[in-house]
Structure formats: C-alpha cells, structure tokens
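Notes follow once the structure below has been shown.
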Amino acid sequence: MTASDVAPVISVRALTKRFGDLVAVDALTFEVQRGEVFAFLGPNGSGKSTTIRMLCGILEPTSGEGRVLGFDIAREGERVKQQIGYMSQRFALYEDLTVRENLEFYAGVYQVAGASLSGRLDELMTMAGLQDRQGQLAGSLSGGWKQRLALGCAIVHNPPLLFLDEPTAGVDPVSRRRFWTMIYGLAQGGVTVFVTTHYLDEAEHANRVAMIHGGTLRALASPAELKRSAMQGQLLNVTCASPMEAAALLERAPGVNEVALYGAAIHVLVDPTRTSEESVSDWLSDHGIAVGNVAPIEPTLEDVFVSLIGTATVATGQSTTR
Amino acid sequence: MWSRIRSIIRKEFIQIRRDPRTLAMVLALPALQLLLFGYAFNTVVDHLPLVIFDESKDAYSRQLISAFGNTGYFDIRGHVDSREAVAAAIDAGDAKVGLVLPPRFGDDILRRQVSLAQLIVDGSDPNTAQTALFAGWMIAAAVSESVQQPNVVAARQGAIELRPVVLYNPSMLSVNFMIPGLIGLILQFQTLILTAFAIVRERERGTLEQLVVTPIKSWELMIGKIIPYVATAFMAVAVALLVARVWFGVETAGSLPLLVLLSSLFLLSSLGIGLFISTISQTQTQAMQLAVFVMLPSVLLSGFMFPRESMPWIIQQLGLLIPLTYFLQILRGIMLKGVGLEVLWGSVVPLAIFGVAVFGLSAARFRKRLG
Ligand SMILES: Nc1ncnc2c1ncn2[C@@H]1O[C@H](COP(=O)(O)OP(=O)(O)OP(=O)(O)O)[C@@H](O)[C@H]1O
Ligand SMILES: [Mg+2]
C-alpha cells in the first residue's frame with residue numbers, strides 16, 4: 001500500500017465559513033476515507049451545502065484548512081477539479097439540451113475524448129436507464145430521470161471522489177432507492193461518496209454519518225455506533241390518550257431524560273436504573289392519562305438526532321414514516 | 001483547452017438554435033429594425049414653413065412656387081429679398097425650408113437649358129429634411145414635366161433641377177444616413193445583451209456553479225461564450241446589409257474587409273460591457289435593465305438619432321465617452337463616403353483604446369467573480 005492509499009480522501013481541520021455575522025460552518029474537523037459513503041446529515045440551513053461548496057473549491061473558507069485528494073482546498077482548488085464530481089442541490093442540467101447533449105457537453109468539458117467517449121456515454125445512459133430518452137430535452141424529464149442524468153453528468157470523467165448535495169430531494173421513493181443502488185455500485189468500484197441529506201433513513205445507508213447542526217458537528221460515527229453510544233439509557237415507545245398532554249407530563253416524571261412526540265406516539269428516553277416501563281405507565285395513569293402500551297424499542301437515527309439536537313423540530317415524518 | 005472551449009461553443013449554438021427568442025433577435029430583429037427605422041425616417045411631415053427668395057419673378061417661377069404651396073407639404077410663410085434673409089429665417093426657426101430662384105430661372109427654361117433652383121433645408125431634424133427634399137424633388141419634377149409638355153423631343157432640356165443645400169448637418173441628407181447607425185446599434189445591442197444573458201442565464205439556473213467545479217478556466221468559458229455571439233452579431237450585420245441593399249438600395253461604398261475589421265474592434269467594448277453586466281446581475285431581468293441603461297446614452301448621444309453638431313457643447317463632450325460615437329463616424333465614413341483608414345484613424349484610435357480598456361477590465365473582473 002502506498003501513502004496515498006491510506007491517506008484520507010478528505011481531511012478538514014477547524015473549517016469555518018462566515019457570511020457577515022452568520023457563522024454558517026463552525027470549526028468542522030473530520031476525515032473521510034477512501035471508498036466510504038459518508039453522509040452529512042443536518043436540517044435546513046445547518047451548513048451542509050456551504051461545507052460541500054468549500055470542499056469543491058467554489059467557496060473560500062473564512063478560516064481553517066482542508067485537503068481534498070491531497071490538495072489544499074484554498075490554494076490548489078484548480079488541481080482537484082478534474083478528479084471530483086459534483087452534483088449540486090438543484091440538478092444543474094441544460095434544460096434546452098437533450099439527454100445525450102448534456103452528457104456530451106460535460107464529457108467535452110472534462111475532456112473525455114476519442115474512442116472512449118461513445119462507450120462511456122452508452123455506459124452512463126445504461127446505468128441511468130436513459131437509453132430510450134437520449135433525444136429527449138432534459139427540461140421535459142421528470143424528477144427521478146433528471147436526478148439520474150445529473151449524476152451521469154457528474155461522473156462522466158470517472159472521478160474517484162463524488163460530492164452529492166441533497167441528491168434525492170424532491171424525488172419519489174422508488175427513484176430514491178434506484179439512485180442509492182447506483183451510489184452503492186459506485187462505492188463498490190472504489191469511489192468515495194460524500195453525500196448530504198436531511199432524510200434520516202438515507203443516512204442509515206452510509207458507512208459513517210456526520211450530524212451537523214447550526215454549522216457545528218454534533219456526532220460522527222457509523223449509524224450503528226451512533227445509536228449505541230449517543231443514546232444514554234433505554235428508549236421506550238408510549239401510546240396513550242392525549243399524547244401532547246402526556247408528553248408534557250412525562251417531562252417532569254422521575255428518571256425520564258428526554259421526551260419526543262412521534263405522531264400519535266411518544267418516544268421516552270429513560271434511565272433504566274431509576275425507572276421502568278411499569279413505573280412510566282403507572283405514572284401516567286396516576287395523572288389521569290389512559291395508557292395504551294409502553295414498550296422498549298431500538299432507537300432510529302432520528303431518535304439520535306433529536307437527542308443530540310435537543311428539539312423535536314427536525315425533519316421528522318418524511319423519513320421515518322416512509 | 002480548445003476542446004473545452006469547443007464544447008462551450010457547440011452547446012451555445014445548440015441553445016441559440018433551440019431558443020426562438022434568441023433566434024429572432026439574431027435574424028428577424030435587424031431586418032425589422034431596419035425597415036421600421038427606414039420608414040420612420042420617411043414618415044411624412046407636412047406644412048413645413050417655407051420662405052421664398054424669387055429673383056426671377058416670371059411665369060415659370062410663379063408656377064413652381066404655387067406648386068410648392070399647393071401640395072400641402074409646405075406652408076409659404078413669406079417672400080424675402082436676399083439669401084441672407086432666407087438663412088436668417090431658418091436660423092430663427094421661422095422657416096424650415098427656403099426656396100431660392102435665381103434671376104435666370106425662367107429664361108433658362110425658355111432657352112431649353114437646365115434651370116437651377118435651390119432648396120435650403122434645416123438639417124437638424126433629419127425627418128424634416130428628408131421630407132422637404134423628397135417633396136421638393138417631386139414638385140420640381142412635376143413642374144419640370146409640365147413645362148416640357150409642348151416639346152417632348154428635347155426631354156433633358158428645359159428641366160428644372162433642384163439643388164439641395166442642407167444647413168447644420170449636410171450629411172443628414174439621405175435615408176442612407178441611418179443605415180450605418182443602425183448597423184452599429186445592432187452590433188452593440190446583440191453582443192452586449194446576448195453575452196450578458198448567456199452567462200446570467202447559467203447563473204440563474206445553477207449551471208454556472210456546476211461549471212465552476214469543472215476544470216474549465218474562466219477565460220475559456222469567456223471565450224466560449226463570446227465567440228458564438230460575435231458570430232451571430234456578424235450574421236445580423238449581414239442581414240442588415242442585405243436588407244439595406246435589396247430594400248433601400250444602399251450599397252457599401254468603401255472596403256467591406258475594413259468594415260469587418262473595425263467592427264471587431266468596436267465589439268471589444270460592447271462585449272466588455274456585456275461581461276461586466278453579467279458579473280453584477282443575478283437575473284436576466286436585472287441584466288436587461290442594466291443593458292437598457294447602458295444603451296440609452298449610446299442611442300441618444302452617439303449621433304445615431306440626433307446630429308451631434310446640434311448638441312450643446314457639454315453633451316457633445318459626453319458623447320466622446322461613448323464608443324458608438326467613434327464607430328458611427330467610422331461606419332458612415334466607410335459605407336457612405338467610401339473612405340479608408342487614412343481618414344478614419346482619428347476615430348479608430350479612441351475606439352481601440354476604449355475597446356482594450358473596457359474589455360480588459362471586464363475580463364479581469366469576470367475572472368475574479370467566477371473563481
Ligand atoms: N452566499 C451566502 N450568503 C449569505 N448567507 C448564506 C450564503 N449561503 C448560505 N448562507 C447561509 O448559511 C447557512 C447555511 O446554509 P447552507 O446552504 O449551507 O445550508 P444547508 O444545510 O445546505 O441547508 P439546506 O438543507 O436548506 O440546503 C444558512 O443560514 C444560509 O442562509
Ligand atoms: Mg443545501
């Protein structure tokens with residue numbers, strides 16, 4: 001193994017970006033290893049796009065440093081461009097160009113030339129399932145197709161590192177699954193994938209997840225580890241009458257660390273040395289709430305996220321209910 | 001590097017082809033503008049105040065004068081007794097047109113010679129001047145015809161010839177005058193707007209961000225964006241020249257290669273302004289507003305619409321800060337007078353200085369703003 005094989009593909013130290021008074025990204029430090037699918041998870045406005053744009057060399061960091069594929073992002077941004085693929089949050093396609101023309105254009109810009117070109121284009125179109133739509137204008141494609149075409153454009157030059165900024169936003173579940181299958185295929189081929197999302201279930205597919213909120217890194221580990229370590233205590237699922245009222249009551253119950261509403265149910269994080277399922281149930285009944293069921297459950301990433309951020313306002317629903 | 005530029009150019013041409021608005025702007029607009037302006041300049045203005053200095057005072061002169069009075073184009077405001085009085089009346093704005101008939105006017109007709117009459121026209125308003133001359137010629141031709149009736153054989157003899165004298169702005173004379181101006185304006189308008197739009201559109205749609213992540217250099221992008229729109233601008237000029245020739249019968253008197261060469265020099269400054277606008281606009285609407293804001297002084301002060309000679313001194317000086325001013329002098333020189341560089345260098349030098357400076361600064365700014 002050579003040094004470049006073991007060196008991290010991305011490494012940032014105290015990376016910070018300010019827009020005036022607003023600190024959009026606050027002293028991020030992390031590393032991404034070769035071949036990883038690295039998910040960057042955070043709510044709207046948490047600084048995901050800002051981070052990805054600094055890593056791609058579009059945006060200059062205010063302070064801190066970062067290296068991508070061994071190049072300094074502030075000084076050597078140009079040199080890294082041929083080796084990364086980037087899919088921006090809005091699928092940046094030329095809507096008045098056909099599917100094939102879009103691919104051809106990016107192939108030209110990345111200087112994928114000669115004999116390999118038409119083979120590469122066919123390969124990409126097969127991968128994205130776009131063979132039958134080569135001559136269709138990109139603007140007339142529906143969301144899922146656009147997304148796959150945008151991915152095709154981003155990897156036309158076979159980059160070893162791929163940045164995806166919320167690639168599945170606004171795309172139906174079937175297309176999302178299909179998209180992730182493509183991402184896994186790329187990762188198996190040795191491509192490092194840095195993907196931002198606010199879908200918590202998507203982060204479960206990643207090798208490691210960085211949770212970001214308000215520009216700061218709150219946790220960084222594999223999904224399994226996150227669930228194990230980040231939740232201190234036992235998670236209980238409670239169903240009962242008038243959950244809002246019950247949740248407010250539970251906040252004050254002994255041995256209860258956290259309470260979060262999940263639709264009609266309540267997730268309660270308890271300290272198992274101080275309380276139990278029965279005592280929670282009894283405590284609610286004593287306060288005049290008709291209890292349906294109290295059962296221990298495995299935490300999801302959403303529970304972890306809510307626990308870390310301490311509010312129940314994050315991207316709920318969309319991800320876990322699907 | 002060239003393959004990247006080529007990709008941009010090819011893409012740009014595909015987009016032009018698919019976008020009916022751009023296509024119309026490139027092909028139909030120049031022809032349309034030319035026809036519109038061509039006829040706008042020909043719109044009939046009637047009841048032009050006319051003063052007369054008749055030294056001949058015979059039947060023929062009276063016939064001509066009453067013909068002038070009867071057509072409705074002219075209102076006879078009075079008779080004066082010297083050329084100076086005619087000029088003074090026009091100076092004072094009491095008259096727009098003066099008709100001078102020399103002492104031998106009637107005699108010449110009788111002796112079957114060409115009889116000269118002089119039409120003195122206020123050229124500061126080209127529209128008026130056009131109409132006056134056109135109407136004057138028609139009237140003179142008609143009267144000429146009638147006085148020849150008895151003697152059809154000697155057709156060329158005994159004719160009345162109207163010699164025009166245009167005050168203030170002699171070159172305002174013909175319809176041709178506006179055609180070079182229009183070509184200059186089309187060149188400026190198209191390169192400026194289309195270049196700015198081509199870049200701002202990509203910013204609006206988010207594809208510019210995508211391009212910045214690719215290995216393409218900002219100057220490559222710039223060249224790739226400019227070349228298609230320079231090409232279409234020249235296409236537009238070709239259309240305009242063709243319409244001018246076929247419809248209005250105006251041909252370029254001077255060297256066409258020189259015209260193309262100096263046009264390219266002029267394009268530097270409008271491309272520069274276009275690039276500059278693209279760096280400060282976030283949307284196409286903003287770009288359009290800025291473009292109009294820039295174009296307006298060009299239209300008003302360059303001498304395209306109003307002759308510079310009749311402008312106040314300070315406005316004339318302001319006009320010297322506009323590249324189109326110099327380019328119009330060059331275009332009119334080449335197209336109408338057929339002159340070459342030896343006459344035009346006085347306009348070419350400032351145009352070159354403007355072009356290099358504006359383009360250089362804008363290109364530098366473009367690089368910084370993209371990176
Ligand atoms: N160019 C900019 N100028 C000023 N503020 C900005 C700029 N770009 C981003 N911000 C602000 O920085 C913060 C982080 O934005 P960013 O786009 O990185 O968030 P995000 O995590 O990608 O959110 P989303 O999920 O909505 O895409 C936001 O508060 C945003 O308003
Ligand atoms: Mg974002």
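Of the residues making up segment A:74-88, those that are more than 17 Å from A:G190 (Cα to Cα), more than 8 Å from chain B (Cβ to nearest Cβ) and of a type outside the set (A, V, I, L, M) are A:R75, A:E76, A:G77, A:R79.
Condition test on B:T252, is it surrounded by fewer than 24 Cβ atoms within 10 Å (Cβ to Cβ), of a type in the set (S, T, N, Q) and either under 22 Å from the mean Cα position of the chain (by Cα) or within 14 Å of chain A (Cβ to nearest Cβ) (or both)? Before the answer, list the steps.
Working: surrounded by fewer than 24 Cβ atoms within 10 Å (Cβ to Cβ): yes; of a type in the set (S, T, N, Q): yes; either under 22 Å from the mean Cα position of the chain (by Cα) or within 14 Å of chain A (Cβ to nearest Cβ) (or both): yes.
It is true that B:T252 is surrounded by fewer than 24 Cβ atoms within 10 Å (Cβ to Cβ), of a type in the set (S, T, N, Q) and either under 22 Å from the mean Cα position of the chain (by Cα) or within 14 Å of chain A (Cβ to nearest Cβ) (or both).
Of all residues in segment A:30-59, those satisfying the criterion of being in contact (Cβ under 8 Å) with a residue 24 or more places away in the chain, assigned to a strand (DSSP E or B) and more than 15 Å from ligand 1 (Cβ to nearest atom) are A:F30, A:V32, A:V37, A:F38.
Can you confirm whether segment A:210-218 contains a residue that is under 12 Å from A:L301 (Cα atoms) and outside any helix (DSSP H, G or I)?
The first filter runs over segment A:210-218 and keeps only residues under 12 Å from A:L301 (Cα atoms), leaving A:210-211.
Applying the additional criterion that residues be outside any helix (DSSP H, G or I) yields A:210-211.
Within segment A:210-218 (the criterion being under 12 Å from A:L301 (Cα atoms) and outside any helix (DSSP H, G or I)), the answer is yes, since at least one residue qualifies.
Of all residues in segment A:89-105, those being more than 7 Å from chain B (Cβ to nearest Cβ) and hydroxyl-bearing (S, T, Y) number 1. Of all the residues in segment A:158-177, those that are among the aliphatic types (A, V, I, L, M), within 16 Å of ligand 2 (Cβ to nearest atom) and modelled with pLDDT under 90 number 2. Among the residues of segment A:89-99, some residue qualifies, meaning at least one is touching a residue at least 40 places away in the same chain (Cβ under 8 Å), acidic (D, E), in the same structural domain as A:T51 (by TED's automatic domain parsing) and under 17 Å from B:S7 (Cβ atoms).
From the list B:S281, B:S362, B:S310, B:S347, which one is more than 30 Å from B:V212 (Cβ to Cβ), hydroxyl-bearing (S, T, Y) and at pLDDT below 90?
Working: B:S281 fails: more than 30 Å from B:V212 (Cβ to Cβ); B:S362 fails: more than 30 Å from B:V212 (Cβ to Cβ); B:S347 fails: at pLDDT below 90.
When all the criteria are applied, what remains is B:S310.
Only one entry of A:R90, A:R53 meets the criterion of being under 19 Å from the mean Cα position of the chain (by Cα) and buried (at least 21 other Cβ atoms within 10 Å of the Cβ), and that entry is A:R53. Annotation: A:V80 fulfils all but one of (1) within 16 Å of ligand 2 (Cβ to nearest atom); (2) in contact with a Phe, Trp or Tyr (Cβ under 6 Å, 6 or more places away or on another chain); (3) not basic (K, R); the unmet one is (1).
In segment A:106-141, the qualifying residues are those that are within 14 Å of chain B (Cβ to nearest Cβ) and farther than 28 Å from B:I199 by Cα, and the one that is surrounded by the most Cβ atoms within 10 Å (Cβ to Cβ) is A:S116.
For segment A:31-48, the candidate set comprises residues that are under 25 Å from A:Q188 (Cα atoms) and surrounded by 21 or more Cβ atoms within 10 Å (Cβ to Cβ); within that set, the residue that is farthest from the other protein chains (Cβ to nearest Cβ) is A:L41.
B:S278 - would you say it is part of a helix (DSSP H, G or I) and over 17 Å from B:L344 (Cβ atoms)? Show your work before the answer.
On the way: part of a helix (DSSP H, G or I): yes; over 17 Å from B:L344 (Cβ atoms): yes.
Criteria met by B:S278.
The values are calculated or read from the model by the stated rules, or taken from the named source; none is laboratory data. Since we're looking at a predicted model, the values are computed, not measured. Backbone-built Cβ (ideal geometry, glycine too); neighbour counts: all protein chains shown.
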